[in-house]
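None of the figures in this text is laboratory data; all of them are computed from the coordinates on show. All values reported here derive from a predicted model rather than from experimental measurement. Cβ coordinates were reconstructed from backbone atoms using ideal geometry, including for glycine residues, and neighbour counts include every protein chain displayed.
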Amino acid sequence: MNPAPNHIMIVEDEPRLAAVLGDYLSNAGYKHFWVANGNDAISAFNVERPDLVLLDLTLPGRSGIDICRELRMEYAVPIIMITARVEELDRLLGLEVGADDYVCKPFSPREVVARVKAVLRRNQPVQNGVVEQPIRIDEEKCRARINATPVDLTPVEFRLLCILHRSQGRVFSRDQVLNHLYNDHRIVSDRTIDSHVKNLRRKLVDAGGDENWIKSIYGVGYRMEL
């Protein structure tokens, strides 16, 4: 018997955009429903109990940030925030409201569907309590392996890997990466952070990994997805 399709809640005040997202989700095999006003989001969620929420930041009635925070207080449902500007995305990251992923307008509906698939896959129940991960990290010994191959990392690169690996799917701005990597308040440029990420990608590939495990989010920062 095939499993029931995942049920997606779209909270978006632009009818045409919501309709396009709905069409693409339907074509990908998902059920969906639409809520246009922020004041109606929580009650609709409680009735429908969706498997994932696509949540616009700017809504009439109530903001997406407030809705996200309230959902996070009671439920573990995956949430993808939709924002209109990169500046808003920076604000969201600084507030750390608890979303699983972020998408900036304008976007490709295919990209949104791909993000939905990735977030749902990460949030699937673990079978038999075992998760097979290609990267094995021993933080006490500062060692990392891809399958059986050791990854030769500098201390900064190892900390960077730990930061991204612990919070897979979360987008980290460069400032957030900087604050996690260095606790001595040194001045480090964005170019230095980008260089660390580039070197980490290369070393993961050299050890048998995939360069796409660490994704660049244009104008914002980085996230890791295995």
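The table below gives the values:
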read-out: Principal-axis tilt of helix 190-206 within the chain, Cα atoms, nearest 10 degrees; value: 80 degrees
read-out: Antiparallel DSSP beta bridges within the chain, as percent of all bridges there, nearest 5; value: 40 percent
read-out: Residue-wise HN-Hα coupling along segment 105-110, computed from phi with Karplus coefficients 6.51, -1.76, 1.60 (Hz; x: Gly, Pro); value: 7, x, 9, 7, x, 5
read-out: Assigned charges on the beta-carbon of Lys, Arg, Asp, Glu; segment 130-224 dipole about Cα centre (debye); value: 100 debye
read-out: Residues with amide H under 5 Å from that of LYS105, placed H, sequence gap 5 or more; value: THR83, ALA84, ARG85
read-out: Whole-Hz couplings from phi, Karplus 6.51/-1.76/1.60, listed for segment 47-59; x for Gly and Pro; value: 6, 8, 6, x, 8, 7, 10, 9, 10, 6, 6, 9, 10
read-out: Local electrostatic count, ASP101, Cβ distance below 9 Å [Lys/Arg +1, Asp/Glu -1]; value: +2
read-out: Estimated FRET transfer efficiency (ARG191, ARG136; beta-carbon r; R0 41 Å; 0.05); value: 0.85
read-out: Label-point separation, LYS198 to ARG166 (7 Å along Cα→Cβ), nm; value: 2.7 nm
read-out: Charge dipole (the chain, unit charges on Cβ, about Cα centre) - positive-most of PRO60, PRO150, PRO50; value: PRO150
read-out: Principal-axis tilt of helix 64-74 within the chain, Cα atoms, nearest 10 degrees; value: 80 degrees
read-out: FRET efficiency, 1/(1 + (r/R0)^6) with R0 30 Å, evaluated for ASN46 and LEU226 via beta carbons; value: 0.35
read-out: FRET E, pair ALA4, THR149, Förster distance 45 Å, beta-carbon r, rounded to 0.05; value: 0.70
read-out: Theoretical gain in end-to-end length, ARG69 to HIS180 [0.36 nm per residue, Cα-Cα removed]; value: 37.6 nm
read-out: Charged-residue dipole, Cβ positions (Lys, Arg, Asp, Glu), segment 7-122 about Cα centre, Debye nearest 20; value: 360 debye
read-out: Debye equation applied to the C-alpha atoms of segment 130-224, log10 I(q)/I(0) at 0.14 Å⁻¹; value: -0.48
read-out: Cα-centred dipole magnitude for the chain, charges only on beta-carbon of K, R (+1) and D, E (-1), debye, nearest 20; value: 580 debye
read-out: Stretch in the chain that is longest and holds no GluC sites (Glu not before Pro) that DSSP places in a loop and that have at most 10 other beta carbons within 10 Å; value: 1-95
read-out: Using alpha carbons only: equivalent-ellipsoid semi-axes of the chain, gyration tensor based, whole Å; value: 33, 21, 15
